[in-house]
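Input: a single structure, listed below in structure tokens.
What follows draws every value from the coordinates through simple rules; no lab data is involved. Because the structure is a prediction, the values reported are computed rather than measured. Don't worry about glycine lacking a Cβ; one is built from the backbone with ideal geometry, like all the others, and counts go over all protein chains shown.
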Amino acid sequence: MQLSNPLPSRSVTFLAIALCILTLGCQKSEERVATFPVSGKVLKGGAPINYATIVFHPVNASDTATEKPRGITNPDGTFQLTTYDGNDGAPAGSYQVTIQQWLTEKPEEGPKNRLKEKYSDPKTSPLTATISEGSNDALTFSVD
């Protein structure tokens, strides 16, 4: 006669249930706002900027935890914004825009932002955008 101990099986079941409850309890509840397609181009001295990070900071954000629309420029300087899911755009509204281009020329030095510091902070960036319902595909940002 073989005796089996049900304790390990129950422990594994309890652990699996606890993990599911914990995972559900820790999920961020977010209320998604309608987004609209946003694309454009970033230029420096008339030339496209590649691999720059562009972030739209809502001007009238009531919650600092609100998702910020963001994108990365392609080698031709073009970008598409994402707020929740790939290239879904941005909610309608007014934004301060920040742009950073972190590149590494020498591995021993680490990456450096190749754009002026004023473009890194929404409080100092002169760049703004207004997103309207519908397609917003003619945005061009020029930095010095």
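For region 67-144, which chymotrypsin sites (Phe, Trp or Tyr not before Pro) are both in a DSSP coil and crowded by at most 15 other Cβ atoms within 10 Å?
Qualifying residues, ordered by number: 84.
Would you grab the residues whose amide H sits under 5 Å from the one on residue 139? Only those 5+ places off in sequence or on another chain, please, with H modelled 1.01 Å from N.
39, 41
How much length, in nm to one decimal, is gained on full extension between residue 124 and residue 47, taken as 0.36 nm per residue of separation minus their Cα-Cα distance?
25.4 nm
Treat every Asp and Glu Cβ in region 38-143 as -1 and every Lys and Arg Cβ as +1, leave all other atoms uncharged, and give the resulting dipole magnitude about the Cα centre to the nearest 20 debye.
In total the dipole reaches around 420 debye.
Just need the relative contact order of region 38-143 here, percent rounded to a whole number, with Cα pairs under 8 Å and 6+ apart.
Relative CO of region 38-143 lands at 33 percent.
What GluC sites (Glu not before Pro) in region 53-133 are in a loop by DSSP, with at most 13 other Cβ atoms within 10 Å of the Cβ?
105, 108, 109, 133
What net charge do the residues around residue 125 carry, taking every other residue with its C-beta under 11 Å from that of residue 125, with Lys and Arg at +1 and Asp and Glu at -1?
Neighbour charge sum, excluding residue 125 itself: +1.
Listed here are the pairs 44/106; 44/116; 68/116; which of them are more than 19 Å apart at the Cα?
With Cα atoms farther than 19 Å apart: 44/106; 68/116.
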